[in-house]
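The values are calculated or read from the model by the stated rules, or taken from the named source; none is laboratory data. Every value quoted in this text rests on a predicted model; they were computed, and no experiment measured them. Cβ atoms come from the backbone with ideal geometry, glycine included; neighbour counts cover every protein chain shown.
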Amino acid sequence: MNLVAKGFATVVHDLRPDPVARLVELGATAASTAFEVGQQSEVAMVAVFSGEQVEETLLPNGDDQGLIAGMAAGGIVCVNSTVSPQLIQRLADVGSDHDIVVIDVAMSGGGGVAAKAGALTFMAGGDERAFERCRPALEAMATTIHHVGPLGSGVTSKIINNLLTIQNVGTVREALRLSAALGLEEKAILEIVGSAVGASWVSDNWEGIRAQEASHTLGPGGIAQMASKDLHLAVELSRETGTPMPLAEYVVENILPDLEVHGMTGER
């Protein structure tokens, strides 16, 4: 929406027709496949749920030859999804065979609300010249942009960010459960915490997190699904690097199952 509003020639594709139709009404051009997006784009951005879906978008998948195959030499693919740095490297190798640069440009900032407001945060890794070519488009959607370092640095930063966010959500959730059990008003507790040392981005934005969970594209369990995916990515990185992360291990084994049943904010 922000790219179209700010004058970028924007080509869009999604498996769901409704968001594509809304963007076409605003002035975007629809493509029927990822390959067609590539044919019409110098810079392509891929924001899908999982590593498997990223591969299905960039590489041949059924009748779709894939985004990379559609792009002319010199094109750039920005992977916005939170996936493993190893996957980013594999896809960059495929891109290199076609003279296409793949960089990771992970995004954060507060979900759909931040996206609509053009207030996302981007964390990028990979070829810095390619990143700078993409910067004008990124600036149309974000207020904070970091080029973190080599390929994979962007998604690694996002995984670390989500590790902190998700574990903090669990902590706030438990604090509010205890408050409710003791007959204390949630609103009052959040206001008190907001002016004290217990405050965090999560406690300051609890209602927004709750609203995002309720309206998520994947349904009420969508945020919990993302949390599970991202925490497992963090634990995988800890094991690969030999970095002890007992809190994250505990959350994955003992807290995630409850989040998946009852929701991140305990609403389900």
Next item on the list: Enumerate the pairs (first residue in region 106-135 and closer than 18 Å to V54 by Cβ; second residue anywhere and polar (S, T, N, Q) and not in a strand (DSSP E or B)) with beta-carbon separation below 7 Å, excluding pairs fewer than 6 apart on the same chain, so at least 6 apart or on different chains.
Entry: A106/N80; A106/T82; A106/S157; M107/N80; S108/N161; M123/S157; G125/S153
Notebook entry, point to check: When you go through (1) in a loop (DSSP other than H, G, I, E, B); (2) closer than 30 Å to A188 by Cα; (3) not polar (S, T, N, Q) one by one for L151, which number turns out not to apply?
Noted result: (2)
Notebook entry, point to check: Given S157, S203, S215, S228, which one is touching an Asp or Glu at 6+ places or on another chain (Cβ under 8 Å), in contact (Cβ under 8 Å) with a residue 12 or more places away in the chain and among the small types (G, A, S)?
Noted result: S228
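Given the options L178, L163, name the one that is surrounded by fewer than 17 Cβ atoms within 10 Å (Cβ to Cβ), aliphatic (A, V, I, L, M) and assigned by TED's automatic domain parsing to the domain that holds I255. Break it down into steps so the answer makes sense when it comes.
Working: L163 fails: surrounded by fewer than 17 Cβ atoms within 10 Å (Cβ to Cβ).
Answer to the selection: L178.
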Check: Can you name every residue in region 231-268 that is free of Cβ contacts under 8 Å to residues at least 12 places away in the same chain, of a type in the set (S, T, Y) and under 15 Å from T171 (Cα atoms)?
Finding: Y250
Check: Taking into account only those residues within region 39-65 that are buried (at least 21 other Cβ atoms within 10 Å of the Cβ) and in contact with a Gly (Cβ under 8 Å, 6 or more places away or on another chain), which is nearest to L218 (Cα to Cα)?
Finding: T57
